[in-house]
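The values are calculated or read from the model by the stated rules, or taken from the named source; none is laboratory data. No experiment lies behind these values; they were computed from the predicted model shown. With ideal geometry, Cβ positions are generated from the backbone for all residues, glycine too; neighbour counts draw on all protein chains shown.
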Ligand code: MTE
């Protein structure tokens, strides 16, 4: 986000591997039985092999598109796919917006998700097995970053309450802490920013996670979600600032303690646990009264809405007089 850092160590864009090629490399290597550490090296592949298999795809590709749930409507045009997939916040790849190319290095299969903490029985599940157990649908959601840019995206995925049900939490569980994969620094060069409290972590209350708006995203624009947008599974909680929507999640921990989140750990005066969108509560360094739409000029602002326009879904969760629900 808006913490300035040196970026001299980053891979030049030209050095990153295109997505098709890295996905294919992974599958070839798996078929050949080569260890993952060796698989990371391009040099193990016979010349021309990547070329031969570039049509290979994300294994979930045949699941999309999925039926749209018409309940979730927009008051603005859908953001162009090219904008939503090329202007991203994903600090693990760098503290700037042009991380989409670098993010193609992320190995998105196999991808095991750990469900642990206060649950009947802890377990681990592969993302493709999880996808067989849930109802996939498309939802048009607004997204409002705390930096004041916004977009509207056709996400595909499933309601988070389905995951909660599968997890069978104990009655004492009050929160769900979530964690992003901590891959190698080669895959995620942004991890070299050692002053950040990696891994990226976020949290919701059980009530928030069970709210019908809380959505686990596995696809976008009728295709699997792209690595730069949080493949293979990320959160979308559109009534909260974008930093709550954690990407590339590998762990859901049920707990009775309020989770310490990444941005809160880094800058508690600026980023809090609740982070509900509110045009009347400014960020300590800038106004939250308006926003600009990705793809359009930054000078053209539209008013920001309370809970990003999702009041009818979530207002009942929060006490009307709470002064600490936004940033602290
Ligand atoms: N998740 C991880 N793991 N790392 C991040 O840096 N950035 C957050 C959120 N999830 C972030 C993350 C922020 S600040 C925003 S605005 C959204 O991802 C951006 O999502 P997008 O790139 O798909 O638009």
Worksheet item: Right, residue 204: in a strand (DSSP E or B), within 15 Å of residue 180 (Cα to Cα), more than 9 Å from the ligand (Cβ to nearest atom) and more than 13 Å from the chain's Cα centre (by Cα) or not?
Response: yes
Item to complete: Please find, within the range 249-260, the residue that is farthest from the ligand (Cβ to nearest atom) out of those that are surrounded by 22 or more Cβ atoms within 10 Å (Cβ to Cβ) and under 14 Å from the mean Cα position of the chain (by Cα).
Response: 252
Practice prompt. Test each condition in (1) closer than 21 Å to residue 92 by Cα; (2) more than 16 Å from the ligand (Cβ to nearest atom); (3) in contact with a helix residue (DSSP H, G or I) (Cβ under 8 Å, 6 or more places away or on another chain) for residue 186 and report the one that comes out false.
Written response: (3)
Worksheet, complete the sentence: For the range 219-230 the number of residues that are within 10 Å of the ligand (Cβ to nearest atom) and farther than 20 Å from residue 277 by Cβ is 4
Worksheet entry | Conditions (1) more than 12 Å from the ligand (Cβ to nearest atom); (2) in a strand (DSSP E or B); (3) more than 21 Å from residue 106 (Cβ to Cβ); number of the one not met by residue 152 | (1)
Item to complete: Search the range 135-144 for residues being touching a residue at least 40 places away in the same chain (Cβ under 8 Å) and surrounded by fewer than 20 Cβ atoms within 10 Å (Cβ to Cβ), and hand back the single one that is nearest to the ligand (Cβ to nearest atom).
Response: 140
Practice prompt. Filter the range 116-149 for residues that are over 27 Å from residue 311 (Cβ atoms) and part of a strand (DSSP E or B) and give the result.
Written response: 116, 117, 119, 123, 124, 125, 126
Worksheet entry | Index of the failed condition, residue 263 passing every other in (1) out of contact with any strand residue (DSSP E or B) (no Cβ under 7 Å at 6 or more places or on another chain); (2) farther than 28 Å from residue 196 by Cβ; (3) buried (at least 19 other Cβ atoms within 10 Å of the Cβ) | (2)
Worksheet item: Would you pick out the residues in the range 90-115 that are within 11 Å of the ligand (Cβ to nearest atom) and either part of a helix (DSSP H, G or I) or at pLDDT below 95 (or both)?
Response: 91, 92, 93, 100, 103
Worksheet item: So which pairs qualify, if the first residue must be in the range 317-328 and more than 15 Å from residue 280 (Cα to Cα), the second must be modelled with pLDDT under 80 and exposed (fewer than 15 other Cβ atoms within 10 Å of the Cβ), the Cβ gap must be under 8 Å, and the two must be at least 6 apart or on different chains?
Response: none
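Rundown of residues vs (1) buried (at least 23 other Cβ atoms within 10 Å of the Cβ); (2) touching a strand residue (DSSP E or B) at 6+ places or on another chain (Cβ under 9 Å); (3) free of Cβ contacts under 8 Å to residues at least 40 places away in the same chain, yes/no style:
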| site | (1), (2), (3) |
| --- | --- |
| 207 | no, no, no |
| 218 | yes, yes, no |
| 221 | no, yes, no |
| 231 | yes, yes, no |
| 240 | yes, yes, no |
| 247 | yes, yes, no |
Practice prompt. Look through the range 231-248, keep the residues that are under 18 Å from residue 308 (Cβ atoms) and assigned to a loop (DSSP other than H, G, I, E, B), and return whichever of them is farthest from the ligand (Cβ to nearest atom).
Written response: 239
Worksheet, complete the sentence: When every residue in the range 163-196 that is in a helix (DSSP H, G or I) and under 13 Å from residue 115 (Cα atoms) is compared, the one nearest to the chain's Cα centre (by Cα) is 163
Worksheet item: Among (1) in a loop (DSSP other than H, G, I, E, B); (2) touching a helix residue (DSSP H, G or I) at 6+ places or on another chain (Cβ under 8 Å); (3) away from the ligand (no atom under 13 Å from the Cβ); (4) modelled with pLDDT of 95 or more, where does residue 307 come up short?
Response: (1)
Discussion item. If I filter the range 173-194 for residues that are without any contact (Cβ under 8 Å) to a residue 12 or more places away in the chain and closer than 19 Å to residue 265 by Cβ, do I get at least one hit?
Written reply: yes
